[in-house]
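Below is one structure, written out as structure tokens; the observations come after it.
The values are calculated or read from the model by the stated rules, or taken from the named source; none is laboratory data. All values derive from a computational prediction rather than experimental measurement. Neighbour counts are summed over all protein chains in view; Cβ atoms, including those assigned to glycine, are modelled from backbone coordinates with ideal geometry. These accessible areas exclude ligands, DNA and RNA; they are computed on the full protein's heavy atoms, side chains included. Shrake-Rupley method; radii C 1.70, N 1.55, O 1.52, S 1.80 Å.
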Amino acid sequence: MERTVEIDGVTLHLAQPVARIPRWIGQRDVLLQLLAAWTKVGPEDLPLNPRLLGKPGVGKTTLACAAARELGLEVYVMQATMDTRPEDLIVSPVLAPGGGIRYMASPLVTAMVRGGALVLDEGNRMSEKSWASLAPLLDHRRYVESLVAGIRIDANEQFRFVTTMNEDASTYEIPEYIHSRLMPQIVVDFPEEDEERAILAEHVPFADEAVLAHVLAFLRAAHGRDLRYTVRDGINIARYAMKVLRRGDRSSPEEAVEFALRAALGEDAEELEF
């Protein structure tokens, strides 16, 4: 791909797209909801800018990446934090190797000029000031302005935007004028049991069947009690249990999973029987 692009005489150095995108398993309905939001019904129509809601670890980012791949788009992911500044979202100046200033396009701007998809991860950790810099991008204007580089950057017709938002107490309220631009709201919930089993098998293909079964039983018990543990926790517990087995630190899959659970969850593991 082209590593630079020139806009109004200013050269921007582009970011790299995501190279590896996991397969989306199960919950086909939420994938279709996202694809519908990104659909254009005619030349005058614009894609919507949906927000994906759900607990951390249910697969919101994977869902967004999978939808972009289904449309044949390059995927760019940008992590939002409370320290994300407007220039971080658009263009940042850095020192060039030979002296002078080099302008680095963010993953967002790279997706805009390349006609890719941008996944703004955990968008509700970002301040109102940073969201305000994206306001013209998220309505009919479809552009951003870089005060640092002194240019306006228009979005390619193929550009798509989605943000993920976690449901926890450490996030910000999104201002209403931005909230109304982030439609529709798509809720990603825990997968069904057979879907969760398939996800574990996909991500830990070297795992013993007994290990996967024991981890799955843990996850179903956790969901039944509305605890925070998700399939991402299950993947990491299964991987750790397999490492313990490989080293011979435990003799059976059940013992290895129980060891991994205690290491991952601490005292919580003692309280959760399954």
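Is at least one residue of region 165-184 touching a residue at least 60 places away in the same chain (Cβ under 8 Å), of a type in the set (Ser, Thr, Tyr) and surrounded by fewer than 18 Cβ atoms within 10 Å (Cβ to Cβ)?
Yes; the residues of region 165-184 include at least one that is touching a residue at least 60 places away in the same chain (Cβ under 8 Å), of a type in the set (Ser, Thr, Tyr) and surrounded by fewer than 18 Cβ atoms within 10 Å (Cβ to Cβ).
Could you please give the count of residues in region 31-62 that are touching a residue at least 60 places away in the same chain (Cβ under 8 Å) and out of contact with any helix residue (DSSP H, G or I) (no Cβ under 6 Å at 6 or more places or on another chain)?
13
Of these, VAL244, VAL211, VAL188, VAL215, which one is touching a strand residue (DSSP E or B) at 6+ places or on another chain (Cβ under 7 Å) and either surrounded by 15 or more Cβ atoms within 10 Å (Cβ to Cβ) or more than 30 Å from PRO47 (Cβ to Cβ) (or both)?
VAL188
Does any residue of region 238-254 turn out to be in contact (Cβ under 8 Å) with a residue 40 or more places away in the chain and part of a helix (DSSP H, G or I)?
Yes, the conditions are met somewhere in region 238-254.
For region 52-70, how many residues meet the condition of being within 11 Å of the chain's Cα centre (by Cα), of a type outside the set (A, V, I, L, M, F, W, C) and either surrounded by fewer than 19 Cβ atoms within 10 Å (Cβ to Cβ) or not in a loop (DSSP other than H, G, I, E, B) (or both)?
Number of matching residues: 5.
Scan region 224-231 and give yes if some residue there is open to solvent by 40 Å² or more (accessible area, probe 1.4 Å), assigned to a helix (DSSP H, G or I), modelled with pLDDT under 95 and closer than 26 Å to ARG28 by Cα, otherwise no.
yes
Does GLY150 meet the test of being within 22 Å of the chain's Cα centre (by Cα), at positive phi and at pLDDT 95 or above?
It is false that GLY150 is within 22 Å of the chain's Cα centre (by Cα), at positive phi and at pLDDT 95 or above.
Looking at region 100-110, is at least one residue open to solvent by 40 Å² or more (accessible area, probe 1.4 Å), within 30 Å of ARG232 (Cβ to Cβ), of a type outside the set (S, T, N, Q) and within 17 Å of the chain's Cα centre (by Cα)?
No, there is no match, as no residue in region 100-110 is open to solvent by 40 Å² or more (accessible area, probe 1.4 Å), within 30 Å of ARG232 (Cβ to Cβ), of a type outside the set (S, T, N, Q) and within 17 Å of the chain's Cα centre (by Cα).
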